[in-house]
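Some notes on the structure that comes next.
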Amino acid sequence: MIRVPRAEAHLMLAGVRVLAHRLGRGPTPEELAELLTSSESQVRLQAAALQELGAMALVSSAFETHLEIRDHLAVEQLEEASGPAIGDDLRAFDERKRDEAEKMAHLFDTGEHEKQRQDQLRRMDEDLQEFKRRKPRNPFGDG
């Protein structure tokens with residue numbers, strides 16, 4: 001499991017408190033990630049680690065998943081030193097995922113996908129016509 005430094009745990013709990021006050025409900029991991037300018041994946045991993053510690057709960061319902069504070073004193077057990085440095089990797093992964101989604105949206109928005117499909121169908125039709133024009137080889141010889 002990922003290790004959350006005490007300072008980051010306090011920051012996450014403070015973010016949950018601020019958003020809960022502003023929104024009047026528990027914030028979603030996406031909202032907390034936006035507030036903390038962090039990747040959603042990293043917030044979810046840290047929230048899971050804090051849930052395992054008993055400091056925070058990731059509550060899932062039929063409509064949404066939101067964060068709640070359970071025991072804010074539980075984070076005092078955490079070490080000051082930072083955990084694994086995967087934050088940058090998660091941020092890069094989220095960026096690649098976002099770039100890929102933008103590329104796919106651009107492909108469908110510009111109609112390029114339809115153009116590529118039409119070109120492929122045209123090439124297949126040309127290949128079929130060429131196949132039909134070709135005279136099959138006589139298996140018994142030329143005569």
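The table below lists the values:
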quantity	calculated
Selected from ASP109, ASP89, ASP125 as most flexible by GNM, with the chain as the system and alpha-carbon contacts under 10 Å	ASP125
Quotient of C-alpha Rg and 2.2 N^0.38 Å, computed over the chain	1.91
Where chymotrypsin sites (Phe, Trp or Tyr not before Pro) in DSSP loops with at most 10 other Cβ within 10 Å are excluded, longest remaining stretch of the chain	64-139
Most mobile of LYS97, LYS132, LYS115 in a GNM of the chain (Cα contacts under 10 Å)	LYS132
The chain: calculated mean residue ellipticity at 222 nm from DSSP helix runs of at least 4, using -39500 (n - 2.57)	-20000 deg cm²/dmol
3J(HN,Hα) from dihedral phi, region 51-68, Karplus parametrisation 6.51/-1.76/1.60, rounded to Hz, x for glycine, proline	5, 4, 6, x, 7, 9, 10, 9, 9, 9, 10, 5, 9, 7, 10, 9, 9, 9
Calculated over region 19-75: convex hull of Cα atoms, volume per residue (Å³)	84
5 angstrom amide H check on MET56, placed H, neighbours 5+ away	GLN51, ARG70, ASP71
Relative contact order %, the chain, counting alpha carbon pairs below 8 Å whose residues are six or more apart	24
Student exercise, region 34-128 dipole from Lys, Arg, Asp, Glu Cβ charges, in Debye to nearest 20	200
Qualifying lysines (Cα of each under 27 Å from Cα of LYS97; at least 8 residues distant if same chain)	LYS115
Charge dipole (debye, nearest 20) of region 85-132; +1 at Cβ of Lys and Arg, -1 at Cβ of Asp and Glu	100
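No lab work stands behind these numbers, since they all come straight from the coordinates. Note that the structure is a prediction, hence the values are computed from the model and not measured. Cβ coordinates were reconstructed from backbone atoms using ideal geometry, including for glycine residues, and neighbour counts include every protein chain displayed.
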